[in-house]
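First up is the structure itself, then whatever we jot down about it.
The values are calculated or read from the model by the stated rules, or taken from the named source; none is laboratory data. Everything numeric here is computed off the predicted structure, so don't read it as measured data. A quick note on method: Cβ atoms are made from the backbone with ideal geometry, for glycine too, and the neighbour counts reach across all protein chains shown.
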Amino acid sequence: MAGGEGSRLGVLTATRTKPAVPFAGKYRIIDFALSNCINSAVFDVMLLAQYRPHSLIDHIGVGRPWDLDRSITGGVQIYQPYTDRSDSGWYLGTADAVFQNFRFVRSGRPDLILILSGDHIYQMDYDPMIEFHLDHQSDLTIATLRVKPDETHRFGILEVDSDYRVQSFTEKPDSPSGTLASMGVYIFQREALYRALLSDADRPDSSRDFGADIIPRMIDDGLRVSAFPYSGYWVDVGTLSSYWQSHMDLLSRPPSLHLNDRSWVIHTKSEERPPALLQSGALVRDSLICDGAMISEGAVVENSVLSPGVYIGPSAQISHSIILTDAHIASNASVNKAVVDKIVRVGEDCLIGKTDSENIATIGKASHIPPGTIIKPGQEIPTDSRPKDFT
């Protein structure tokens, strides 16, 4: 499922769908779900795209980085909304997206269907969950984990019995019954899913959503819905704060997610870039620096992530920030607790954000920030802004 608009990510999704948002310097968010699939020996993959899919499609291509460029069986296919003589068109919800493409799903005659959100950061072997699903003879199995009480309003919350059978499921509750949350990772029996989607399509009051409609109705109908317990690192980067915090998690000691684990490689489409260059006197602490980045003399980079081709000018200060591909930070500029999108140009002596603030400053793609500009914590600069927009 890779069609989300991701409006809570602000300017980061102004020109791209949420799964195509860059992550950890060299990746896109979608890379984690795709890599989990191939590392779990799942090679038959369908991507359902909708909102601004162009950068996502360009990134995926024929699927070669994930070994999904297969011509006989398996591989990756990207499906977008279409119109025909039936009642098809723009996807009305997550369930409707699957229902509109179900004839493509059934054509491969799978026994089980694994449905994933394309905008989550985690490393998960799906094999134990599949075995759990079969052992419990479930119609649907939902991957679950515990979340903080103040985050329950963002998730589907479950109640389960001692045999992991789901007794209730409430999507984004105002008054949650607990902290056991859905990860948006589902395994369905093929025909159970089809019957649920077909029934839902006949209901005029349905929002056509898995969490709000399909799952609660399957429970009410007495189908076997099970909760698979997961204990690893997982984050839904659906908000700017979670996107920023997940990057900071990568810089912790030890990191919450081990990107250099050679037994579970996160694959991606990479550009050909030269090695990173740190000039004499540059200081880097607890940061990820990607190929093609240049840190000039006297510059300081700490607790930050620099994507490919980022330039940091002399005596610039970068702290607790995420700087995306080919951004240019001029001399003496200070960037603190900020997210700077691709090909942004930050002028000399600019002051962006504040490290000890609770709010994150964001600068939209391809913006040009004139010298001496002050951008306050929490301020958002729209995509393609120009110096005249700051006068």
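Key figures
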quantity	calculated
Selection from region 140-155 of residues that are surrounded by 21 or more Cβ atoms within 10 Å (Cβ to Cβ) and either modelled with pLDDT of 95 or more or not assigned by TED's automatic domain parsing to the domain that holds residue 174 (or both)	140, 141, 142, 143, 144
Residues located in region 138-165, provided they are assigned to a loop (DSSP other than H, G, I, E, B) and polar (S, T, N, Q)	138, 162
Residue within region 54-72 that is within 15 Å of the chain's Cα centre (by Cα), under 13 Å from residue 118 (Cα atoms) and modelled with pLDDT under 90 present	no
Unique residue being modelled with pLDDT of 95 or more, aliphatic (A, V, I, L, M) and touching a Phe, Trp or Tyr at 6+ places or on another chain (Cβ under 7 Å) when the list is 369, 329, 312, 352	329
Subset tally (residues that are touching a Ser or Thr at 6+ places or on another chain (Cβ under 9 Å) and either over 17 Å from residue 142 (Cβ atoms) or surrounded by fewer than 20 Cβ atoms within 10 Å (Cβ to Cβ) (or both)) for region 177-191	3
Residue count for region 258-308, restricted to those that are among the basic types (Lys, Arg) and either surrounded by 14 or more Cβ atoms within 10 Å (Cβ to Cβ) or in contact with a Leu (Cβ under 7 Å, 6 or more places away or on another chain) (or both)	2
Residues of region 14-30 classified as buried (at least 19 other Cβ atoms within 10 Å of the Cβ), more than 22 Å from residue 258 (Cα to Cα) and not basic (Lys, Arg), total	1
Residue, modelled with the lowest pLDDT, within region 213-257, restricted to residues that are surrounded by fewer than 19 Cβ atoms within 10 Å (Cβ to Cβ) and touching an Asp or Glu at 6+ places or on another chain (Cβ under 6 Å)	256
Region 366-391, residues that are in contact with a Ser or Thr (Cβ under 6 Å, 6 or more places away or on another chain) and within 23 Å of residue 299 (Cβ to Cβ)	367, 377, 381
Residue pairs meeting the criteria (Cβ under 7 Å; at least 6 apart or on separate chains; first under 18 Å from residue 339 (Cα atoms), in region 367-391; second in a helix (DSSP H, G or I) and not aliphatic (A, V, I, L, M))	368/387; 370/387; 370/390; 373/390; 380/10
First in region 14-40 and on the phi > 0 side of the Ramachandran plot, second anywhere and among the small types (Gly, Ala, Ser), Cβ under 9 Å, 6 or more apart	24/246; 24/307; 25/293; 25/307
Of the criteria (1) within 27 Å of residue 100 (Cβ to Cβ); (2) touching a Lys or Arg at 6+ places or on another chain (Cβ under 8 Å); (3) in a helix (DSSP H, G or I), which one residue 214 fails	(2)
Filter result for residue 330 (closer than 20 Å to residue 376 by Cα, surrounded by fewer than 24 Cβ atoms within 10 Å (Cβ to Cβ), among the aliphatic types (A, V, I, L, M) and not assigned by TED's automatic domain parsing to the domain that holds residue 245)	yes
Strands (runs of 3 or more DSSP E) wholly inside region 219-303 that include at least 1 residues being basic (Lys, Arg), free of Cβ contacts under 8 Å to residues at least 60 places away in the same chain and over 25 Å from residue 20 (Cβ atoms)	283-285
Residue match in region 173-184 (condition: acidic (Asp, Glu) and under 22 Å from residue 236 (Cβ atoms))	yes
Qualifying residue in region 35-43 (condition: at pLDDT below 90, in contact with a Leu (Cβ under 9 Å, 6 or more places away or on another chain) and within 19 Å of residue 17 (Cβ to Cβ))	no
Given (1) buried (at least 16 other Cβ atoms within 10 Å of the Cβ); (2) under 22 Å from the mean Cα position of the chain (by Cα), number of the condition residue 196 does not satisfy	(2)
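Conditions tested, residue by residue: (1) among the charged types (D, E, K, R); (2) in contact with a Cys (Cβ under 9 Å, 6 or more places away or on another chain); (3) assigned by TED's automatic domain parsing to the domain that holds residue 239; (4) within 17 Å of residue 361 (Cβ to Cβ).
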site: 286; (1), (2), (3), (4): yes, no, no, no
site: 314; (1), (2), (3), (4): no, no, no, no
site: 318; (1), (2), (3), (4): no, no, no, yes
site: 338; (1), (2), (3), (4): no, no, no, yes
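For every residue, the table says whether it meets (1) assigned to a loop (DSSP other than H, G, I, E, B); (2) in contact with a strand residue (DSSP E or B) (Cβ under 9 Å, 6 or more places away or on another chain); (3) surrounded by fewer than 20 Cβ atoms within 10 Å (Cβ to Cβ).
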| position | (1), (2), (3) |
| --- | --- |
| 32 | no, yes, no |
| 36 | no, yes, no |
| 71 | yes, no, yes |
| 76 | no, yes, no |
| 95 | no, no, no |
